[in-house]
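See structure below.
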Amino acid sequence: MNNLRNKAALSVLLMVSLGHLLNDMFQAVIPAIYPMIKESLGLSFMQIGAITLTNQITSSLLQPMVGYFSDKYPRPYGLVVGMCFTLTGLLLLSVAESFPLVLFSVAFVGVGSSVLHPESSKVARLASGGAKGCASREQSQAHLDSAEAQPALASIGKGMAQSIFQIGGNVGRAIGPVAVALIVIPHGQGSIRWFALLAVVAIWLLAKIGSWYKKQLEIYGRSKSKYDIENVSRLSKHQIIAALLVLLVLMFSKDFYTANLQSYLTFYMIDKFGLSVTASQYVLFAYLVSTAIGLLIGGEVGDRYGRKYVIWVSILGSSPFALLLPYCDLTWTIILVILVGMVMSSAMSAILVYATELLPGNVGMISGAFFGLAFGLGGIGSALFGWLADYSSIQYVFQLTAFLPLLGIVTYFLPNIKENK
């Protein structure tokens, strides 16, 4: 029976990860088509940054609100509604022939993402065993009678569960540029509509997840206190605020730097090494795959040895690679891009789980706030670096942003908390 329950919970985590993969693949279509629409629409680097800013601001502003609302009033099929927004945005983007319409299209895609991340993060937390110990004896017995409804997965910690969920997004972002290189670049902007067909598949998948989520709500009730852990950190209010401020600095460091890589790595490779658009997309693919690997490693290490140590190594540990990267030849640049992606990405699940330990009972709000913060900071950074590239050069931007990971030193000020793995 335990094996059946574990398999049922693992299948939910994998479905959530696949839904995240499809969502973030659609998100990755946007930066991947930048070189194409920059030429076809005659856009500046600043306008390219504005596109990223529009997409990510619609996500960042809405995600904490969606998470807060879903903590109080869970909506199992909200994931389906969010993907419908993404579907609409992709269809509009496939026919967009002006800069304002591109902005409008990517805003729709951003709204879809704002719903998926906090809701899916809650599902991943629930599947990892976040509901453990919260049901009555009668509810527990009823739960044992249905392996499909059982969320607890004792063999996987919260960090690893979040990594499984998030790795789908990283793989999706890695696949996006390759799919664009194989489909959109040869056949034109109109071929983006093929991604819209995949969005229909995603809607079907998210509906199945919604059905599972609905069963959990029927078993554990709709109160957020029914499916979360107790406050085990025993920190004071001032300590929690200080820790959240440190996490904010770390997110700024990580997301500003990765925003530069995700938005402008292709341009950097073309400008410095004369690569073709397609070849530069493959470099971006290698970077995004490395972030997926690092995310998985970070989740497992965080569960075993503590989140704070992972955050230390992830952000500050990536600084030597980042500082060397702008001064290397093509081969070493690709190697260092992969190393930076692998090391720095390992922090995300650790930061997110650490934050939920600080404020238990608010998984949706915390997930929405931190995913939203990541998108918002990324959007601001992309726009800022686009403006700077217009007035200087892409290579100068890479030299300047290389110092951002050094801010990882502030991890020292994070308190050591007792972690419920």
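In table form, for the structure just shown:
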read-out: The range 58-76, subset open to solvent by less than 60 Å² (accessible area, probe 1.4 Å) and not in a helix (DSSP H, G or I), residue modelled with the highest pLDDT; value: Pro76
read-out: Unmet criterion (only one of (1) open to solvent by 50 Å² or more (accessible area, probe 1.4 Å); (2) farther than 28 Å from Ala286 by Cα; (3) touching an Asp or Glu at 6+ places or on another chain (Cβ under 7 Å)) for Leu79; value: (1)
read-out: Of all residues in the range 376-396 being of a type outside the set (Ser, Thr, Tyr) and open to solvent by 30 Å² or more (accessible area, probe 1.4 Å), the one that is nearest to Gln27 (Cα to Cα); value: Ile380
read-out: Set Ile164, Ile175: member being modelled with pLDDT under 85 and more than 23 Å from Phe108 (Cβ to Cβ); value: Ile164
read-out: Long-range neighbours under 9 Å by Cβ, at least six apart or interchain, first residue more than 12 Å from Leu330 (Cα to Cα) and outside any helix (DSSP H, G or I) within the range 269-280, second at pLDDT 90 or above and open to solvent by less than 60 Å² (accessible area, probe 1.4 Å); value: Ser276/Ile270
read-out: Matching residues in the range 276-295 - criterion: being open to solvent by 60 Å² or more (accessible area, probe 1.4 Å) and of a type in the set (Val, Ile, Thr); value: Ile293
read-out: Enumeration of residues in the range 211-250 that are modelled with pLDDT of 85 or more and open to solvent by less than 10 Å² (accessible area, probe 1.4 Å); value: Ala243, Leu247, Leu250
read-out: Selection status of Val102, assigned to a helix (DSSP H, G or I) and open to solvent by 10 Å² or more (accessible area, probe 1.4 Å); value: no
read-out: Residue in the range 296-309 that is most open to solvent (accessible area, probe 1.4 Å), counting only those that are under 21 Å from Val337 (Cβ atoms) and modelled with pLDDT of 80 or more; value: Ile297
read-out: Count - residues of the range 16-45 that are open to solvent by 10 Å² or more (accessible area, probe 1.4 Å), acidic (Asp, Glu) and within 30 Å of Trp212 (Cβ to Cβ); value: 0
read-out: Subset of the range 328-338 that is more than 24 Å from the chain's Cα centre (by Cα) and without any contact (Cβ under 8 Å) to a residue 24 or more places away in the chain - its residue that is surrounded by the most Cβ atoms within 10 Å (Cβ to Cβ); value: Cys328
read-out: Test: residue in the range 264-275 that is within 27 Å of Gly159 (Cβ to Cβ) and open to solvent by 10 Å² or more (accessible area, probe 1.4 Å); value: no
read-out: Residue that is nearest to Ser121 (Cα to Cα) [pool: residues in the range 77-98 that are at pLDDT 85 or above and of a type in the set (Ser, Thr, Tyr)]; value: Thr86
read-out: Verdict on Gln139 being modelled with pLDDT under 80, open to solvent by 10 Å² or more (accessible area, probe 1.4 Å) and of a type in the set (S, T, N, Q); value: yes
read-out: Positions within the range 34-68 being without any contact (Cβ under 8 Å) to a residue 60 or more places away in the chain and of a type in the set (A, V, I, L, M, F, W, C), in sequence order; value: Leu43, Ile51
read-out: One residue from Tyr77, Tyr73 being under 21 Å from the mean Cα position of the chain (by Cα) and not β-branched (Val, Ile, Thr); value: Tyr77
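The values are calculated or read from the model by the stated rules, or taken from the named source; none is laboratory data. All values reported here derive from a predicted model rather than from experimental measurement. In this analysis, Cβ positions are derived from the backbone assuming ideal geometry, glycine residues included, and neighbour counts consider all displayed protein chains. These area figures cover heavy atoms from the full protein model, side chains too; ligands, DNA and RNA do not enter into them. Shrake-Rupley method; radii C 1.70, N 1.55, O 1.52, S 1.80 Å.
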